[in-house]
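Report on the following structure.
Derivation of every value follows stated rules applied to the coordinates shown; laboratory data play no part. These numbers come from a predicted model, not from an experiment. All Cβ positions, even for glycine, are placed from backbone atoms using ideal geometry, and neighbour counts span all protein chains on display.
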Amino acid sequence: MRAALIGSGGREHALATKIAECRMIEKLFILPGNPGTKKNGVNVQINPDDQNAIIGFCLEQKIDLVVIGPEKPLIDGLADKLHNNGIKVFGPSQQAARIEGEKSFAKQLMKEYKIPTAEFILFSKNNYDEAITYLQSIKYPVVVKADGIAAGKGVTIAETLADAQEAVDDCFINSSFGSAGDKIVIEEFMKGQEASIFAITDGTDFVLLPAAQDYKRIFDGDKGKNTGGMGAYAPTPFVNENDLKKIADEIVEPVLKAMKEKGMPFVGCLYCGLMITNDGPKVVEFNCRFGDPETQVVLPLLDGDFCELLYSAACGMLKKDSVKYNGGASVCVVLASGGYPDKFKKGFVINGLKNVFQNVNVYHAGTKEADGEIITNGGRVLNITSFTEKNDLIEAKRTAYEAISKINFTGIHYRKDIADKAIIVIEHDDADLTDQHG
Ligand code: AMP
Ligand code: GLY
């Protein structure tokens, strides 16, 4: 099989690594890829936004399967265009990608199909006064979200009326998010542990991959600004068998049914961002693609043929048993440029990349080659991802940070507490067990 992968981040390096390992892969192209993906296939300098160039390349190279990493090309309709040119694609249509691109669409769908999520109300720009009156009548905290894609910045957890009003003003008065803020969702604040779970689907059937937990804030203890993700681990102990059954029966199955009934079947990876509440799992958001950095920790936990899974989904005949959980654990720590997610400098040489680490993948995200060296070229630079054969998050955390101690660049910033939420629980449970048996 000849495959093309679209994207250039850490998620795509992880996907390229997994795809390149598949027996059925004869050739893998990454458009445009990064210095890391060069080891997995051929990087081709085509911009993911240049749909015509992508189609031309895929036709010329007789590509059998295209896998689309980021949301933007999906929301812009790349999957439809590939499909119309007879090219098999893993990734949803433009219509189906609305599940990520328009929060109001996703929320209304969940309401209609009784899918558990936070209670909510929608307002549009010309209902500014109603939105403020509503905010004056409710209890806090509350969550205010811009409807469209706002580069991860459109969500405010407002502790007070003043915070909430500011968030509404940002959308409706200051137009901080452009047209993405022309509509807003105001929703109930949900308490619990967050989890991310990927459903791989052909539009009807689906398979759930191991659940991960993402660390979104820039500083330890979940302090500071939201980022594109500072680390992740899997599997998360916060999702148990009972939760998994509920996620499958009450969330994924009904949402796929809903999408089909609305004439926009979802084919690809449905990312379910969940809050595991006292009343069970509830949806925070859906994304129309693999998560970043969750993909980096989920893929090392899969045995079997990942390409067969993706290809069978793209063909509408999902082979659910193509992959299975291998019983391991994985931790990914993002090494970021100092200053990120605000302003940061690029162009620093990365030292230590020649080290060989046991059971650790060094995924590239914001890197570039210059004069034979690898230099920093983005906010999130590298994703150090460890894995263990047994489900041992403590060991996975240790090996990830041991590798990090050997890598350096000017201004490096990373969180020191990735996986700790789980490790605290695991250690506590072990202590309980020792108490019971000792
Ligand atoms: P979103 O872009 O919708 O994923 O929101 C970004 C982050 O805000 C989520 O990952 C959560 O940490 C938080 N969040 C969003 N909605 C809620 C909610 N209703 N209750 C609690 N936290 C939320
Ligand atoms: N890790 C969050 C996301 O991929 O949207």
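How do Tyr233, Tyr311 line up, fewest other C-beta atoms within 10 Å first?
Fewest-to-most Cβ neighbours within 10 Å comes out as Tyr311, Tyr233.
Averaging the Cα positions of each part gives two centres, and for segment 342-410 and segment 220-273 these lie 27 Å apart. In this Cβ point-charge picture (+1 for Lys and Arg, -1 for Asp and Glu), the chain has a dipole of about 1080 debye about its Cα centre. Here His83, His364, His13, His428 are placed in order of increasing Cβ neighbour count within 10 Å, fewest first, which gives His428, His83, His364, His13.
Summed over qualifying helices (DSSP H, 4 residues or more, each -39500 (n - 2.57)) and divided by its residue number, the chain shows a 222 nm mean residue ellipticity of -8000 deg cm²/dmol.
Averaging the sequence gap over all C-alpha pairs within less than 8 Å and six or more residues apart, then dividing by the number of residues, gives the chain a relative contact order of 16 percent.
Just to confirm a number: summing +1 for Lys and Arg and -1 for Asp and Glu over residues other than Gln61 whose beta-carbon lies under 9 angstrom from that of Gln61, what do you get? After counting each charged neighbour, the total is +2. Among the GluC sites (Glu not before Pro) within segment 1-55, those in coil by DSSP and having at most 15 neighbouring Cβ atoms inside 10 Å are Glu21, Glu26.
If we count other beta carbons within 10 Å of each Cβ, what is the order of Ser322, Ser124, fewest first? Mind showing how you got there, number by number?
On the way: Ser322 20, Ser124 14.
With the fewest neighbours first, Ser322, Ser124 line up as Ser124, Ser322.
For the residue pairs Lys153/Lys216; Lys225/Lys368; Lys81/Lys257, alpha carbon separations beyond 18 Å are given by Lys225/Lys368; Lys81/Lys257.
Farthest towards the positive end of the charge dipole of segment 218-308, among the residues Leu302, Tyr271, Ala248, is the Cα of Tyr271, using unit charges on the Cβ of Lys, Arg, Asp and Glu.
Pairs from the list Lys27/Lys406; Lys18/Lys354; Lys245/Lys319 with a Cα-Cα gap above 28 Å: Lys27/Lys406.
Based on C-alpha pairs under 8 angstrom that are at least 6 apart in sequence, segment 286-438 has a relative contact order of 26 percent. Each peptide in 324-337, 250-263 receives the mean, over its residues, of other Cβ atoms within 10 Å, and ordering these scores from highest gives 324-337, 250-263.
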